[in-house]
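Written below as structure tokens is the structure these notes are about.
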């Protein structure tokens, strides 16, 4: 074998604390190494050209690059050696940046360790075999999980590109949080007027199938060929018959049901259509309030329904679909602000969340667009907004900024003045964070044109006095305690990952951070991808985002899915397990440990043997480690290769 | 710890002077509830605010000595009516295992060493833990029916949260539950854990008249007949300084400020001299009158009912 070794300086990243030239010189002594050199930036164009030139000049059939993490540039170098005519699996990488130069200052020790890592890589490479990927067809269908604005955008973009879309939404209607908003910043245009048409497009697009009141039950398979089971929850209404006429809700005697869509501002009926623009516009029964379920008798809706769509016996339904890619766009929920006793902890009716306030202001909300207090129905004059409720607060485990509260608070202050011209708004803030196009101008407008008083400081206590509330806080710019009499207090409640996000992440086999937000593949360069091929992220499921960013991310996720499924055949990774049938004793241990169900038992001339289903195997190696006979071997990571690495290290 | 075994009782300095009525009413109520209180022998001041503002080791040693004294009597579970003493004594227990303060304080204790296993709680918390609401109701032969009470804990009963372990630091409910069991109409009192101004009454009187003024103002606005308190210093600021507050704000409040133990004592029909009602500055007579009228109204109603 003829091996070439390339030691990277990575500018000063490696060069400052590793003697790259010395390591290259030493590498020449390693077995089968016929060429070794150092280069300033191996990943750059001249660097890659150097590898290609060396391969042809020295007739190399294997290459080791000692540089950064393989997560960073292994694909880059594999492509380079392939361009020079060498199989891409005849390449090994030694990580001398993250594992050496960045973590130690002693140049001599670092250089020794770098050389050891190079030696390990060379020993492994000597046992590498050329591997060839196989090709398999993919299902040209995308699953979008979550029908908020990010999911809607992803679905429409995919569908417009001609790819079938299945959208799963947990709630009875799509639209997400944006559908609840009255207006949107910084243009103050009507939220449902800009979102509504997109929701209608989803309903009418021939390429999109929408399942509302549904959740993901399970996922199996792999990129290009996922098999997804969807649970369609019983709504007790037959959607094929329901025309959305609303007669059932009109006659429903249980009128005190919790109004989820209106965030508990006002009440609704047990059978209801969440809001006039709902998509799908189908009635849904809330069993926790429906008399038929709570008391065992009622049946009014079934009697009045002109199409006979009510079915109290309806059961959950499981539906299996095949998809090639998935977009997770599950959005966010509000932090439970009731942990803050100082804000009343939910004891005071006129201390409301920002989302409740949106419903109170909305023309299609329970108050018809006339802001009034929940306690006595009076129009408030003094409105106090408190920002960062549940954001940037280490004490409740929410250290991050929710990103958009500064902006919507300014919007709500402006709208308050529009609704009630003789009102006065106050905003308690920590910092005004408005780094977007037209955003800072907007917060200034709230202050300068609308006379909103911004007070820099936190609120320590809200308490009722008479029919008003005293909001006590600190003005840190004036260095003084302030007390504001308020008729209404609006809390800018922060964002947390949607309920059950970690549970969904585990089903999708993607990572999530300690707050439950889904993890992107690379925080800067791969913000849409996850570590599971074929699963993409959009919107607040990845972290707090405003509407423009969510829409952009929805389009980006669609572009990724379209790009993936635009190929007729997808390439499989050849780094998978293989069974040596002569050694296999058919004990079946590998079948039990395989998390992907990629091994099955076959009958081979009357004997039980294991067989790997190549298209399903993900190359995790559990079977390899479990097999008592060493019969299952993971290609590219065989026992012999790993032992050779260990031996090389022990010899150092 | 059951209430049949005696608790070590630490009255605190205030209990000997400004809050003698808190001390006597606490003893009377505890006796009625069957809680045995055994006085600590040769106890000393907990150090109060001055000690820890000057020297943490000194403050720790002063409080720790009381535990040492209790230990000599075989008393390990101490109760005290005063939240400030409670805070100092709990800080002392914590500080004794601090690597810097602990050894210095031990040195100040002379030959005595602090044993393991000491606890201290407020009398209020122990009553809440040991006596059921039903039992309090049963003991309340003259229930506080119709009496509107604003419960005021002061800043210290529930804070610091980790040290005091008294439920939600912003919204404790212990006093509410006890007084409601005794028949009172306990008002939701939003300023229940606000500062009264504490010892600022002497160096910066305005702070006390302003802060305590807000508390009285709100209690009156809510229609309270009486403010129930659990801290000697709060009681003094709200009661003794109510005249100063009235002068500062040109108000005319005459709102009685009573220890919760005095109110419990009234419900239990304990002798007034044991409850020290004569020690109060703002006359509690309106409270007594209201209770008496209420009783009379109930008796009349029953009589009429009986006659009919």
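Name the single residue, out of those in region B:157-166 being part of a loop (DSSP other than H, G, I, E, B) and within 12 Å of chain A (Cβ to nearest Cβ), that is farthest from the chain's Cα centre (by Cα).
Across region B:157-166, the extreme among qualifying residues is B:159.
Rundown of residues vs (1) out of contact with any helix residue (DSSP H, G or I) (no Cβ under 7 Å at 6 or more places or on another chain); (2) surrounded by fewer than 19 Cβ atoms within 10 Å (Cβ to Cβ); (3) modelled with pLDDT of 95 or more; (4) not assigned by TED's automatic domain parsing to the domain that holds residue B:198, yes/no style:
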{"residue": "B:18", "(1), (2), (3), (4)": "no, yes, no, yes"}
{"residue": "B:31", "(1), (2), (3), (4)": "yes, yes, yes, yes"}
{"residue": "B:38", "(1), (2), (3), (4)": "yes, yes, yes, yes"}
{"residue": "B:65", "(1), (2), (3), (4)": "yes, no, yes, yes"}
{"residue": "B:79", "(1), (2), (3), (4)": "no, no, yes, yes"}
{"residue": "B:83", "(1), (2), (3), (4)": "yes, no, yes, yes"}
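Within region B:145-155, which residues are surrounded by fewer than 22 Cβ atoms within 10 Å (Cβ to Cβ), more than 13 Å from chain A (Cβ to nearest Cβ) and within 22 Å of residue B:216 (Cβ to Cβ)?
B:146, B:148
Taking region A:446-462, which residues are within 13 Å of another protein chain (Cβ to nearest Cβ) and surrounded by fewer than 21 Cβ atoms within 10 Å (Cβ to Cβ)?
A:460, A:461
For the structure I just gave you, tell me whether residue A:492 is crowded, with 23+ Cβ neighbours inside 10 Å, away from chain B (no Cβ under 14 Å) and assigned to a strand (DSSP E or B).
So residue A:492 fits the description; yes.
Name the strands (runs of 3 or more DSSP E) wholly inside region A:123-174 in which the number of residues that are modelled with pLDDT of 95 or more is 2 or more.
A:141-145, A:164-168
On the basis of being assigned to a strand (DSSP E or B), more than 14 Å from chain B (Cβ to nearest Cβ) and over 38 Å from the mean Cα position of the chain (by Cα), does residue A:474 make the cut?
no
If residue B:272 satisfies all but one of (1) surrounded by fewer than 23 Cβ atoms within 10 Å (Cβ to Cβ); (2) at pLDDT 95 or above; (3) under 20 Å from residue B:136 (Cβ atoms), what's the number of the condition it fails?
(2)
What residue, of A:54, A:24, is free of Cβ contacts under 8 Å to residues at least 24 places away in the same chain and in contact with a strand residue (DSSP E or B) (Cβ under 7 Å, 6 or more places away or on another chain)?
A:24
Within region A:625-633, can one find any residue that is touching a strand residue (DSSP E or B) at 6+ places or on another chain (Cβ under 7 Å) and not in a loop (DSSP other than H, G, I, E, B)?
Among the residues of region A:625-633, at least one is touching a strand residue (DSSP E or B) at 6+ places or on another chain (Cβ under 7 Å) and not in a loop (DSSP other than H, G, I, E, B), which makes the answer yes.
Could you check, for region B:97-117, whether at least one of its residues is under 24 Å from residue B:154 (Cα atoms) and buried (at least 18 other Cβ atoms within 10 Å of the Cβ)?
Checking region B:97-117: not a single residue is under 24 Å from residue B:154 (Cα atoms) and buried (at least 18 other Cβ atoms within 10 Å of the Cβ).
Yes/no per residue for (1) part of a loop (DSSP other than H, G, I, E, B); (2) more than 27 Å from residue B:161 (Cβ to Cβ); (3) under 19 Å from the mean Cα position of the chain (by Cα):
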residue	(1), (2), (3)
B:11	yes, no, yes
B:15	no, no, yes
B:49	no, no, yes
B:58	no, no, no
B:68	no, yes, no
B:71	no, yes, no
B:79	no, no, yes
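Given (1) within 11 Å of another protein chain (Cβ to nearest Cβ); (2) at pLDDT 95 or above; (3) out of contact with any strand residue (DSSP E or B) (no Cβ under 9 Å at 6 or more places or on another chain), where does residue B:169 come up short, assuming only one miss?
(2)
Restricting to region A:412-430, give me the number of residues that are outside any helix (DSSP H, G or I) and either free of Cβ contacts under 8 Å to residues at least 24 places away in the same chain or not assigned by TED's automatic domain parsing to the domain that holds residue A:445 (or both).
Total meeting the criteria: 1.
Going by what's in this entry, would residue A:159 be described as surrounded by fewer than 16 Cβ atoms within 10 Å (Cβ to Cβ) and free of Cβ contacts under 8 Å to residues at least 60 places away in the same chain?
It is false that residue A:159 is surrounded by fewer than 16 Cβ atoms within 10 Å (Cβ to Cβ) and free of Cβ contacts under 8 Å to residues at least 60 places away in the same chain.
Of the residues B:92, B:137, which single one is at pLDDT 95 or above and more than 22 Å from residue B:45 (Cα to Cα)?
Of B:92, B:137, the one residue that is at pLDDT 95 or above and more than 22 Å from residue B:45 (Cα to Cα) is B:137.
For region A:557-577, how many residues meet the condition of being crowded, with 18+ Cβ neighbours inside 10 Å and part of a strand (DSSP E or B)?
Of the residues in that region, 2 qualify.
Sort out for me the helices (runs of 4 or more DSSP H) sitting completely within region A:264-382 that have 1 or more residues that are within 33 Å of the chain's Cα centre (by Cα), away from chain B (no Cβ under 14 Å) and surrounded by 20 or more Cβ atoms within 10 Å (Cβ to Cβ).
Correct list: A:354-361.
Looking at A:598, A:557, A:561, A:608, which one is without any contact (Cβ under 8 Å) to a residue 24 or more places away in the chain and under 30 Å from residue A:541 (Cβ atoms)?
A:598
Could you list, in sequence order, all residues of region B:178-228 that are free of Cβ contacts under 8 Å to residues at least 24 places away in the same chain, more than 14 Å from chain A (Cβ to nearest Cβ) and either within 20 Å of residue B:260 (Cα to Cα) or part of a helix (DSSP H, G or I) (or both)?
B:200 - this is the single residue of region B:178-228 that is free of Cβ contacts under 8 Å to residues at least 24 places away in the same chain, more than 14 Å from chain A (Cβ to nearest Cβ) and either within 20 Å of residue B:260 (Cα to Cα) or part of a helix (DSSP H, G or I) (or both).
The values are calculated or read from the model by the stated rules, or taken from the named source; none is laboratory data. None of the values given here were measured: they were computed from a predicted structure. Every residue, glycine among them, receives a Cβ derived from its backbone with ideal geometry; neighbour counts consider all protein chains shown.
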